[in-house]
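Laboratory data are not the source of any read-out in this text; all were calculated from the coordinates shown. From a predicted model like this one, the values you see are computed outputs, not experimental measurements.
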Amino acid sequence: MKKTILLLAALALVAPAVSFAAKADGSKAKAIAKYDTNKNGKIDGDEIVALRKDFDADPKGDLARFDTNKDGKLSDEEIAAIVPGSGKKGDKAGKKSGGKKKTEKPAEN
């Protein structure tokens, strides 16, 4: 009985965090899926032109959340940030930041 209660309590704490991360990445994932026509994981070249055209047509629409400085335009930096991550702070394009650097061991004679 205690295990069941603990499990339910843990799920109650974890579920909102997972849901929030999914919502945060959902809009980015949708934008990547729509605009990343060459499937290289970023929005570049003609894709930027298409994204800006859609934003200009409806600046208060779905793409408005990416205008982080609220100047009514999507800068190169704001467009580059449209890359779904893992939901972790400091995560860019799903890559872990930091970590230990591997060092090579000297060859033994």
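Calculate one ³J(HN,Hα) per residue across the range 32-40 by plugging θ = phi - 60° into the Karplus curve 6.51 cos²θ - 1.76 cosθ + 1.60, and present them in order as whole Hz with x for glycine and proline.
My calculation for the range 32-40 gives 4, 4, 7, 9, 7, 6, 8, 6, 9 Hz in order.
In the range 25-84, how many lysine pairs have Cα atoms under 21 Å apart, counting only pairs 8 or more places apart or on different chains?
23
Per 10 Å bin, what percent of the C-alpha pairs of the range 25-84 does each bin hold, from zero upward?
For the range 25-84, the pair-distance distribution reads 25, 63, 12.
In whole Hz, with x marking every Gly and Pro, tabulate ³J(HN,Hα) for the range 52-57 from phi via Karplus 6.51 cos²θ - 1.76 cosθ + 1.60, θ = phi - 60°.
5, 4, 5, 5, 4, 5
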